[in-house]
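The values are calculated or read from the model by the stated rules, or taken from the named source; none is laboratory data. Everything quoted here is computed from the prediction, not taken from an experiment. All Cβ positions, glycine included, derive from the backbone under ideal geometry; neighbour counts span all protein chains shown. Please note that ligands, DNA and RNA were not included when accessible areas were found on the heavy atoms of the full protein model with its side chains. Shrake-Rupley method; radii C 1.70, N 1.55, O 1.52, S 1.80 Å.
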Amino acid sequence: MLKRPNSPADLPASVPLFPLTGALLLPYARRPLNIFEPRYVEMIDHALRGDRLIGLIQPRDTSEESPKGRAPLQRIGTVGRISHFEEVEEARYFVILEGLCRFELLKEMPTMTPFRRGLIATDAFASDFDREFGEEAVDRPRFLKMMRDYAEFGNFDLNWDEIEKTGTADLVNFCAMVSPYGAAEKQALLEADTLETRAETLIAMAEFEMAKGDDRASPLN
């Protein structure tokens with residue numbers, strides 16, 4: 001089994017690119033993906049023969065989930081490592097991508113493959129390899145209150161025993177990934193310069209959504 005990269009120095013200078021609208025992957029989080037388009041099945045085949053690394057990145061035009069051709073891409077994405085895969089049927093994969101480190105897309109590279117490849121820079125995101133980096137700056141009680149309020153607003157249950165045992169960084173990043181927001185909001189969460197900024201952005205988004213819900217429920221509207 002290939003060892004998990006531990007620093008930007010362990011990452012290659014280029015990775016296959018998987019453009020996917022609304023797809024957010026953060027360090028140490030895991031994202032399941034169903035792969036069925038032939039170009040991306042070939043990308044998975046290629047990754048499995050090598051270092052198992054893929055660059056998940058959003059297209060700038062969010063009208064298509066996975067645009068064809070050379071549609072412009074966002075500047076920031078995330079290097080993910082295939083930590084699990086299954087061949088669920090012929091020419092189809094189920095994979096779990098584990099977030100390693102964000103990257104800046106420097107430029108796309110010429111390639112003969114049906115999938116795209118990009119030259120990347122990751123040194124600016126070296127702290128992504130520290131699982132607990134920035135936790136001390138997050139107001140955890142305030143973040144947990146937002147989760148409780150939002151769960152009540154959305155009428156869904158949370159496993160509070162598990163939440164209490166979950167580290168702050170993992171909790172914030174998990175909430176960012178499963179949040180119901182659009183592609184632009186997901187990109188803002190990805191590009192947040194600190195964990196505290198990401199947490200505060202989530203709180204602000206939730207408070208705004210709950211306030212809109214309260215306005216719609218008001219008898220004066």
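Filter region 12-35 for residues that are in a strand (DSSP E or B), open to solvent by less than 10 Å² (accessible area, probe 1.4 Å) and in contact with a helix residue (DSSP H, G or I) (Cβ under 7 Å, 6 or more places away or on another chain) and give the result. Break it down stepwise before answering.
Looking only at region 12-35, we keep the residues that are in a strand (DSSP E or B), and these are 14-19, 30-35.
From what is left, the residues that are open to solvent by less than 10 Å² (accessible area, probe 1.4 Å) are 15-17, 19, 35.
Of everything in region 12-35, those that are in a strand (DSSP E or B), open to solvent by less than 10 Å² (accessible area, probe 1.4 Å) and in contact with a helix residue (DSSP H, G or I) (Cβ under 7 Å, 6 or more places away or on another chain) turn out to be P16, I35.
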Subset of region 172-187 [more than 12 Å from the chain's Cα centre (by Cα) and aromatic (F, W, Y)] = Y181
Test: residue in region 105-117 that is in a strand (DSSP E or B), under 26 Å from F174 (Cβ atoms) and open to solvent by 20 Å² or more (accessible area, probe 1.4 Å) = yes
Taking region 52-97 only, how many residues are within 20 Å of E191 (Cβ to Cβ) and outside any loop (DSSP other than H, G, I, E, B)?
-> 12
Qualifying positions in region 36-70 - of a type in the set (S, T, Y) and open to solvent by 20 Å² or more (accessible area, probe 1.4 Å) = T62, S63
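In region 118-138, how many are touching a helix residue (DSSP H, G or I) at 6+ places or on another chain (Cβ under 7 Å) and open to solvent by 70 Å² or more (accessible area, probe 1.4 Å)?
Total satisfying the criteria: 4.
Of everything in region 188-211, what is of a type in the set (A, V, I, L, M) and within 15 Å of the chain's Cα centre (by Cα)? Give them in sequence order.
Residues of region 188-211 of a type in the set (A, V, I, L, M): 188-190, 192, 195, 199, 202-206, 210-211.
Result: A188, L189, L190, A192, L195, A199, L202.
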Checking A91 against (1) in contact (Cβ under 8 Å) with a residue 60 or more places away in the chain; (2) over 16 Å from the mean Cα position of the chain (by Cα), the condition it does not meet | (1)
Selection from region 165-199 of residues that are within 19 Å of P59 (Cα to Cα), touching an Asp or Glu at 6+ places or on another chain (Cβ under 9 Å) and open to solvent by less than 10 Å² (accessible area, probe 1.4 Å) | A192
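Using the structure shown, decide if L144 is modelled with pLDDT of 95 or more, on the phi < 0 side of the Ramachandran plot and open to solvent by less than 60 Å² (accessible area, probe 1.4 Å).
Details: modelled with pLDDT of 95 or more: yes; on the phi < 0 side of the Ramachandran plot: yes; open to solvent by less than 60 Å² (accessible area, probe 1.4 Å): yes.
Against the criterion (modelled with pLDDT of 95 or more, on the phi < 0 side of the Ramachandran plot and open to solvent by less than 60 Å² (accessible area, probe 1.4 Å)), L144 qualifies.
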Consider F174 carefully, then state whether it is among the aromatic types (F, W, Y) and free of Cβ contacts under 8 Å to residues at least 40 places away in the same chain.
-> no
